[in-house]
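Following: one structure in structure tokens, then a few remarks.
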Amino acid sequence: MRRLGWASLSEMGDALLGAPLAAPMFAQRGDIVLGPDGRGFGVCIGATAVGMAPEGLITLPLTTCTRAWRV
């Protein structure tokens, strides 16, 4: 990621997915979200998002996501 010129996952999301939504709460099913602390991407499935973590597949409230992009 850094080798390609992005300093964070947020910057990478903006470059690859375009402008983020005004707020993550506007995300709809299937949209890409950035989890808390910007540590990983997930997919919105309604009021929650799913993503991968070292312990496996996790769900987290959409309110904890920091950014979202329409797909």
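Can you give me the ranges of the strands (runs of 3 or more DSSP E) entirely in the chain with at least 3 residues that are of a type in the set (A, V, I, L, M) and either in contact with a Leu (Cβ under 9 Å, 6 or more places away or on another chain) or in contact (Cβ under 8 Å) with a residue 12 or more places away in the chain (or both)?
32-34, 48-53
Among the residues of region 22-65, count how many are of a type in the set (Val, Ile, Thr) and closer than 19 Å to Met1 by Cα.
Going through region 22-65 one residue at a time, the tally reaches 2.
So how many residues does region 48-71 have that are open to solvent by 50 Å² or more (accessible area, probe 1.4 Å) and out of contact with any strand residue (DSSP E or B) (no Cβ under 7 Å at 6 or more places or on another chain)?
Adding up the residues that qualify gives 6.
I want to confirm something. Restricting to region 1-47 and keeping residues that are of a type in the set (S, T, N, Q) and in contact with a strand residue (DSSP E or B) (Cβ under 7 Å, 6 or more places away or on another chain), which single residue is modelled with the highest pLDDT?
So, considering only residues that are of a type in the set (S, T, N, Q) and in contact with a strand residue (DSSP E or B) (Cβ under 7 Å, 6 or more places away or on another chain), the one modelled with the highest pLDDT is Gln28.
The values are calculated or read from the model by the stated rules, or taken from the named source; none is laboratory data. Every value quoted in this text rests on a predicted model; they were computed, and no experiment measured them. Quick reminder, even Gly has a Cβ in these numbers, built from the backbone with ideal geometry, and neighbours come from all protein chains shown. Please note that ligands, DNA and RNA were not included when accessible areas were found on the heavy atoms of the full protein model with its side chains. Shrake-Rupley method; radii C 1.70, N 1.55, O 1.52, S 1.80 Å.
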